[in-house]
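Okay, so here's the structure we're looking at.
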Ligand SMILES: *Cc1c(COP(=O)(O)O)cnc(C)c1O
């Protein structure tokens, strides 16, 4: 049986309790107590996404009540392509792009949110509790849409999305407010921190607690991390089978969920060489790699807003499982930081030489690649495309002087009517809406 432990100590618990708990009671994050060790030939009989996902995730689900449902959960989550696109014809270097934006809300968060939702609704069926399960999610833009999409029309669950009024892009707002049914969308008269504070307060509010059972589906849940590791397994195996060489990744990084997923896959034996964590002007992680000290700080606003994190939660997991700066460096990990000017410049340069444009987040990874020395750039690498540029058209279109094609899934959402209520940034206002 696989067990999980808080990064801050305590007893080992089951995967199911870690999934239902989200954050550990001591404030730590759950991590597996051991990592599976795969050889590449363990995947010999796996030649599609579901079979690779099932093989990779099986040890993590050993002993879970969800073990027998794992194939079904995988089928519900990985229902869109995760292509590794070769850019070598355009760039004259062995660079690929791992496109993770073909899901319903056009960002990689669809995978983690979808998987967690598929797990939670199944676990919840066995919870003897009269109070309806209510997923509260505060969002600065991308997460809320992915979580709403993941839980939309799932029986016995309600989702309440709180976003700061006027502080998300028009298309993001549409993705937060187009669901209906069991999804309630709330524009909060305040900033993102107010939304987050309302959620935290609601969680411990006694009166609300008698009527509702809250869960958070937030990004630190282990149920979002594990499936993200799968696309690194798929991409690195695909590349290794075709070229006989390990692939390195450059990962746009905010809260470090995506980057940590790559590190997990590498440590579990997948054919991954180096991993570069690329931040925007929020430099907490690059500074940690430069000095060895972790100095959290308030976030600053950048063009790559989904990476605006000054205190990346998953750094606690990374250090707990894999050690301090020197241990991490010796595993092939490094970090760099990219400014807004550099993001704009990279989007402009690449729109001229590539058949598509980058979203501002993906552009950070591409910039980091372009800054490598010639020898390094001739090694096998992939940048991770975390969102479709059409989600951030108000930033990207003026830079490239052109309109962006909208992917079908996104176009479908944008065609739906939008509905939301605007409320004050108080728990009293939230409570009134919930009733
Ligand atoms: C959330 C997000 C990121 C950052 O991912 P982390 O797992 O928080 O490091 C990067 N790009 C996009 C588009 C995102 O939505």
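The values are calculated or read from the model by the stated rules, or taken from the named source; none is laboratory data. Quick caveat, the model's predicted, so the values are computed rather than measured. Using ideal geometry, Cβ is built from the backbone for each residue, glycine included, and neighbour counts are taken over all protein chains shown.
Examine region 187-194 for a residue that is modelled with pLDDT under 90 and within 16 Å of the ligand (Cβ to nearest atom), and state whether such a residue exists.
Yes, that holds for at least one residue.
Please tell me if residue 117 is more than 16 Å from the ligand (Cβ to nearest atom) and either touching a strand residue (DSSP E or B) at 6+ places or on another chain (Cβ under 6 Å) or part of a helix (DSSP H, G or I) (or both).
yes
How many residues, within region 78-95, are part of a strand (DSSP E or B) and either within 14 Å of the ligand (Cβ to nearest atom) or crowded, with 21+ Cβ neighbours inside 10 Å (or both)?
1
Need pairs with beta-carbon distance below 6 Å; first residue within 21 Å of residue 223 (Cβ to Cβ) and within region 299-325, second modelled with pLDDT under 90 and buried (at least 22 other Cβ atoms within 10 Å of the Cβ); sequence gap 6+ or separate chains.
Pairs that qualify, where the first residue is within 21 Å of residue 223 (Cβ to Cβ) and the partner is modelled with pLDDT under 90 and buried (at least 22 other Cβ atoms within 10 Å of the Cβ), are 306/142.
If you take the residues in region 293-319 that are modelled with pLDDT of 95 or more and surrounded by fewer than 16 Cβ atoms within 10 Å (Cβ to Cβ), which one is farthest from residue 168 (Cα to Cα)?
Checked region 293-319; the qualifying residue farthest from residue 168 (Cα to Cα) is 293.
Say we look at region 96-113 and pick out the residues that are away from the ligand (no atom under 11 Å from the Cβ) and in a strand (DSSP E or B); which of these is surrounded by the most Cβ atoms within 10 Å (Cβ to Cβ)?
For region 96-113, the residue satisfying everything is 98.
With respect to residue 144, is the statement that it is within 25 Å of residue 423 (Cα to Cα) and within 16 Å of the ligand (Cβ to nearest atom) true?
yes
Based on this model, can you work out whether residue 258 counts as within 16 Å of the ligand (Cβ to nearest atom) and either farther than 16 Å from residue 368 by Cβ or out of contact with any strand residue (DSSP E or B) (no Cβ under 8 Å at 6 or more places or on another chain) (or both)?
no
Name the residues in region 354-368 that are more than 11 Å from the ligand (Cβ to nearest atom) and either modelled with pLDDT under 95 or in a loop (DSSP other than H, G, I, E, B) (or both), would you?
Within region 354-368, 354, 355, 356, 357 qualify.
Do we find a residue being surrounded by 19 or more Cβ atoms within 10 Å (Cβ to Cβ), within 16 Å of the ligand (Cβ to nearest atom), in contact (Cβ under 8 Å) with a residue 60 or more places away in the chain and outside any loop (DSSP other than H, G, I, E, B) anywhere in region 126-139?
Yes, because at least one residue in region 126-139 is surrounded by 19 or more Cβ atoms within 10 Å (Cβ to Cβ), within 16 Å of the ligand (Cβ to nearest atom), in contact (Cβ under 8 Å) with a residue 60 or more places away in the chain and outside any loop (DSSP other than H, G, I, E, B).
Limited to region 220-255, what total is found for residues that are part of a loop (DSSP other than H, G, I, E, B) and crowded, with 24+ Cβ neighbours inside 10 Å?
Residues flagged as part of a loop (DSSP other than H, G, I, E, B) and crowded, with 24+ Cβ neighbours inside 10 Å within region 220-255 amount to 3.
Can you go through 250, 225 and tell me which one is within 29 Å of residue 21 (Cβ to Cβ) and within 16 Å of the ligand (Cβ to nearest atom)?
225
With respect to residue 309, is the statement that it is over 23 Å from residue 191 (Cβ atoms), within 11 Å of the ligand (Cβ to nearest atom), in contact with a helix residue (DSSP H, G or I) (Cβ under 9 Å, 6 or more places away or on another chain) and outside any helix (DSSP H, G or I) true?
no
Within region 383-395, identify whether any single residue is closer than 17 Å to residue 253 by Cβ, part of a strand (DSSP E or B) and away from the ligand (no atom under 16 Å from the Cβ), and answer yes or no.
no
With farther than 30 Å from residue 210 by Cβ and modelled with pLDDT under 90 as the only criterion, which of 141, 156, 112, 103 stands out?
Of the residues listed, the single one that is farther than 30 Å from residue 210 by Cβ and modelled with pLDDT under 90 is 141.
Name every residue in region 320-353 that is away from the ligand (no atom under 13 Å from the Cβ), part of a loop (DSSP other than H, G, I, E, B) and surrounded by 23 or more Cβ atoms within 10 Å (Cβ to Cβ), in order of residue number.
Result: no residue meets the conditions.
Just wondering, is there one or more residues in region 120-131 that are within 12 Å of the chain's Cα centre (by Cα) and modelled with pLDDT of 90 or more?
Scanning region 120-131 turns up no residue that is within 12 Å of the chain's Cα centre (by Cα) and modelled with pLDDT of 90 or more.
So residue 432 fits all but one of (1) out of contact with any helix residue (DSSP H, G or I) (no Cβ under 9 Å at 6 or more places or on another chain); (2) farther than 21 Å from residue 308 by Cα; (3) modelled with pLDDT of 95 or more; (4) part of a helix (DSSP H, G or I); what number is the exception?
(3)
Just the residues that are closer than 19 Å to residue 312 by Cβ and under 15 Å from the mean Cα position of the chain (by Cα), please, taken from region 224-249.
Answer for region 224-249, where residues must be closer than 19 Å to residue 312 by Cβ and under 15 Å from the mean Cα position of the chain (by Cα): 224, 225, 226, 228, 229, 232.
Against the condition crowded, with 17+ Cβ neighbours inside 10 Å and in a loop (DSSP other than H, G, I, E, B), how does residue 270 come out, does it pass?
Spelling it out, residue 270 is indeed crowded, with 17+ Cβ neighbours inside 10 Å and in a loop (DSSP other than H, G, I, E, B).
Within region 396-407, identify whether any single residue is in contact with a helix residue (DSSP H, G or I) (Cβ under 8 Å, 6 or more places away or on another chain), part of a helix (DSSP H, G or I) and within 16 Å of the ligand (Cβ to nearest atom), and answer yes or no.
Looking through region 396-407, at least one residue is in contact with a helix residue (DSSP H, G or I) (Cβ under 8 Å, 6 or more places away or on another chain), part of a helix (DSSP H, G or I) and within 16 Å of the ligand (Cβ to nearest atom).
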